[in-house]
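In what follows, a structure is listed as structure tokens, so that the remarks can point back to it.
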Amino acid sequence: MKPYRLLAPGPVPVPPAVLKAMSEKVLHHRTPAFEKILVESWAGLKKVFATAQPVQILAGTGSSAMEAAVVNLLSPGDRALVVVSGKFGERWAEICERYGVLTTRLNVPWGQAVDLEDFATALKAGFNAVFTQACETSTATLHPIQKMAALVKNSGALFAVDAITAVGCVDLPMDQWGLDCVIGGSQKAFMIPTGLSFIALSERAWAAQAKSKCPKFYLDLSLEKKANSKNETHFSTPTPLITGLAMVLRQMEAKGYGLVQKRCETLAAATRFAGAQLGLSLYSASPSPSVTALQTASDSQVLRERLEKEENITLMGGQDQLKGKILRVGHMGDIQDDDMLALFDALAKMLSRRYDRAATEALLKSAPVLFT
Ligand SMILES: *Cc1c(COP(=O)(O)O)cnc(C)c1O
């Protein structure tokens, strides 16, 4: 059996040292030993989010933090503008609608970044909050968040950013850019298993939180905030995951917060470089460093299944209108140079093409690794 290579845009491979630390013991969540890990994790997350506000750790996947954003910022009957540029934008809109929020979709052609003029025009209708992805993972497309934030600020609305495939691996300083809500997920740039999400609110967002009337119990962020001020989580929490998180954050601090971003950028560059030679063109007009979508001439679903069965490599295809048309290669997590080369070698074999392996390898080698 060939070694397993996980190259999806989440979940991602976990560094072996982190896997080991997570499996050593299960701490109770109300003990001094865990409190230390929790406090350390919060401090590390604040640095990654670049915010003076608390960053909460939720025991739920990224979608739970998305739902938390909606129910804590808004009341039924409020107005929301949602950027829909793929599957995850659609999810924002569905959550808003479930809670009786009057939802306007700004539909962006898949694979394209938000057009700032269209965005500014849409904002004129007046909204309580605007929801977007920083990177729309389903199309591997990055949006111009800093410029969008300035426009939203002028409109008076709150700006909530699903940065699950951005925070930690793309420049996104929350306070400096004036973002009101930023969301991250454990199984993406934070390179631990699925199960945790992270959410931070600005002062304005906390003021809206106090007034929001959407029903909430598990996702009431004010209760979590109160518990956190006593160095506790409100409910039980998966302590092994947070043990792993603390370890990753410690390493990010030790090696510099830009390292993961640099590595993602390099893996993305290598993927574009090798991909072009393999006849796989770039799908997105605004490609993200966290995930690359490559267009395939033949059915991408067939390629994906063969990679899985014959090579033990997992990556993702396209959904809906992109089904069978693209391959999505993730760049976050503990991906080694060998993993990338194994993928390109396999694609070269399947597509009967060649690529400059030595140049690709040299490019990959130029990137630092978080855990060596
Ligand atoms: C992965 C991801 C999510 C979270 O999905 P979960 O499966 O709930 O963790 C949300 N938004 C984006 C952009 C993502 O990439």
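Computed from the coordinates by the stated procedures, all read-outs in this text should not be read as laboratory data. Every value quoted in this text rests on a predicted model; they were computed, and no experiment measured them. Cβ placement follows ideal geometry from the backbone for every residue including glycine, while neighbour counts extend to all protein chains displayed.
Descriptive notes on the structure:
- Helix-derived mean residue ellipticity, 222 nm - over the chain, DSSP H n ≥ 4, -39500 (n - 2.57), to 500: -13500 deg cm²/dmol
- DSSP-defined beta bridges in the range 1-149 - what % are antiparallel, rounded to 5: 20
- For the range 1-40, trypsin sites (Lys or Arg not before Pro) are listed when DSSP marks them as loop and at most 15 other Cβ atoms sit within 10 Å of their Cβ; the list is Lys25, Arg30.
- The range 130-261 shape via C-alpha gyration tensor axes, a/c threshold 1.5: oblate
- For the range 157-228, the relative contact order is 25 percent, taking Cα pairs closer than 8 Å that sit 6 or more residues apart in sequence and dividing their mean separation by the residue count.
- Annotation: the residues Asp299, Asp162, sorted from fewest to most other C-beta atoms within 10 Å of their own C-beta, follow the order Asp299, Asp162.
- A crude spin-label estimate for the pair Thr194 and Ala210, with each label 7 Å from Cα along the Cβ direction, gives 3.8 nm.
- For the range 223-235, 3J(HN,Hα) computed residue by residue from phi via the Karplus equation (6.51, -1.76, 1.60; θ = phi - 60°) reads 5, 5, 4, 4, 5, 4, 5, 9, 6, 10, 9, 5, 10 Hz, glycine and proline entered as x.
- Phi angles across the range 145-160 convert, under the Karplus curve 6.51 cos²θ - 1.76 cosθ + 1.60 with θ = phi - 60°, into 3J(HN,Hα) values of 4, 4, 5, 4, 4, 5, 5, 5, 4, 4, 7, x, 7, 7, 10, 10 Hz, Gly and Pro given as x.
- Between Lys25 and Lys2, the modelled labels are 4.1 nm apart [label points 7 Å from Cα along Cα→Cβ].
- The chain, relative contact order [Cα under 8 Å, separation at least 6], %: 24
- Cross-link reach list, lysines versus Lys309, counting only Cα pairs under 26 Å and skipping chain neighbours closer than eight places: Lys2, Lys188, Lys323, Lys325, Lys349
- Pairwise FRET efficiency - Ser63 versus Thr104, Cβ, R0 = 30 Å, nearest 0.05: 0.90
- Relative pair counts by distance (%), Cα atoms of the chain, 20 Å bins: 30, 56, 13, 0
- Our coupling estimate for the range 129-143, obtained by passing each phi through the Karplus curve with A = 6.51, B = -1.76, C = 1.60 and θ = phi - 60°, is 8, 10, 10, 8, 9, 7, 10, 7, 4, 5, 10, 6, 10, 9, 9 Hz, Gly and Pro reported as x.
- Stretchable slack from Glu35 to Ala358, in nm (0.36 nm times residue separation minus alpha-carbon distance): 111.5 nm
- DSSP-defined antiparallel bridges as percent of all bridges, the chain, nearest 5: 50
- Between the C-alpha center of the range 177-212 and that of the range 260-317 there is a gap of 28 Å.
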